[in-house]
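First the structure, in the form of structure tokens, and then the observations on it.
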Amino acid sequence: MKLSMVVLILPMTSIALRRVGTRAWQRFLIARFPGGVQDLVVYLHRHRKDSRAQWMGCMVLQNMCMDNTENRRIAGEQGAIQAVVDALNRHRENKWVQASGCLALASMCGANTENKRIAREQGAVQAVVDVWNRHRENKWVQANKRIAREQGAIQAIVDALNRHRETVVVQTNGCLALAEMCGDNTENRRIAGEQGAIQAIVDALNRHRETVVVQSSGCLALANMCKDNTENRRIAGEQGAIQAVVDALNRYREEWVQATGHIALASMCKDNTENKRIVDASGQTVRDLPSIRARLDSQVGPVRDFFFG
């Protein structure tokens with residue numbers, strides 16, 4: 001069977017999948033690429049504009065690299081990571097490409113330091129953040145946050161922040177990625193705190209005081225990591241996160257910074273007397289979330305939805 005025919009029948013295979021089993025179907029798809037990962041990368045490049053081909057290719061790539069050290073190595077060397085990032089960027093509105101692309105990245109980067117480095121350099125972090133932001137209502141896309149965590153994505157992001165401290169785009173994208181991964185996931189918050197994410201974000205805020213986008217994304221990341229997490233609040237207080245956020249609030253009057261900054265203070269000071277004392281001593285005040293929402297009432301709806309939706 002030609003690969004084009006495989007792509008065409010994919011949307012019609014849900015009943016067959018249930019009958020023959022997912023593993024059998026995966027073996028069938030992988031068998032379509034006798035040259036392994038190399039053949040699959042060529043296929044992804046050749047069919048860049050075909051969303052169904054990209055969906056299938058990413059799905060097969062994920063299965064090829066899962067628990068397979070050699071295939072991960074080959075994927076990194078053969079340009080598979082860039083091919084998947086290209087698919088995510090090119091087919092932004094296709095939820096199936098987005099979901100399978102995230103899974104493929106997670107599979108290729110699992111227990112492979114070199115592939116994590118390549119992924120960072122090829123823009124994978126921002127591509128994944130865009131996926132999560134664009135497909136908030138899709139359970140398959142959102143489920144990839146858990147998979148990304150298990151494959152070491154949080155540590156990869158923290159490593160990127162620490163390794164590229166002077167690069168604004170890395171600092172911005174890294175903060176946004178952590179904010180997104182920790183926004184609604186208790187386990188991700190715990191792991192982020194343990195792996196040094198708070199320290200990395202405080203460093204980004206202090207190092208890039210003159211860059212408003214780093215300030216707003218860093219404040220948002222702190223807010224999400226400290227939400228309902230007592231230990232992260234303690235770490236934030238000890239690492240100077242409160243003073244860094246206060247400095248951002250005093251320096252910038254833009255609504256994005258004011259909103260994220262006050263959310264961060266509220267998150268870090270909840271049930272933490274010492275953090276509240278630091279804020280009071282700085283001359284700032286800890287506001288409750290309803291008052292912050294009111295501050296944004298005059299702003300564009302999507303802005304409020306981003307923070308509170």
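Observations on the model:
- Calculated from backbone phi, Karplus (6.51, -1.76, 1.60) coupling profile of the stretch 170-187 in Hz, x at Gly/Pro: 5, 5, 5, 5, x, 4, 5, 5, 5, 4, 5, 5, 9, x, 9, 9, 4, 5
- GluC sites (Glu not before Pro) within the stretch 66-107, DSSP loop, no more than 14 other Cβ atoms inside 10 Å: GLU93
- Cα gyration tensor, the stretch 166-309 - rounded (a/c under 1.5), prolate or oblate: rounded
- Note that the stretch 108-119 has calculated 3J(HN,Hα) couplings of 5, 8, x, 6, 9, 4, 5, 5, 5, 5, 4, 4 Hz, one per residue in order, obtained from phi through the Karplus relation 6.51 cos²θ - 1.76 cosθ + 1.60 (θ = phi - 60°); glycine and proline are x.
- Subset of LYS116/LYS276; LYS95/LYS227; LYS95/LYS116; LYS116/LYS227 violating a 32 Å alpha-carbon distance limit: LYS116/LYS276
- Neighbour-count order for TRP55, TRP96, fewest beta carbons within 10 angstrom listed first: TRP96, TRP55
- Fewest-first sequence of ASP288, ASP184 by Cβ atoms within 10 Å of each Cβ: ASP288, ASP184
- Under 10 Å, Cβ to Cβ, from SER267 - net charge with Lys/Arg +1 and Asp/Glu -1: +2
Throughout, read-outs are computed from the coordinates displayed, never taken from laboratory work. Not measured: the values here are computed from a predicted model. Don't worry about glycine lacking a Cβ; one is built from the backbone with ideal geometry, like all the others, and counts go over all protein chains shown.
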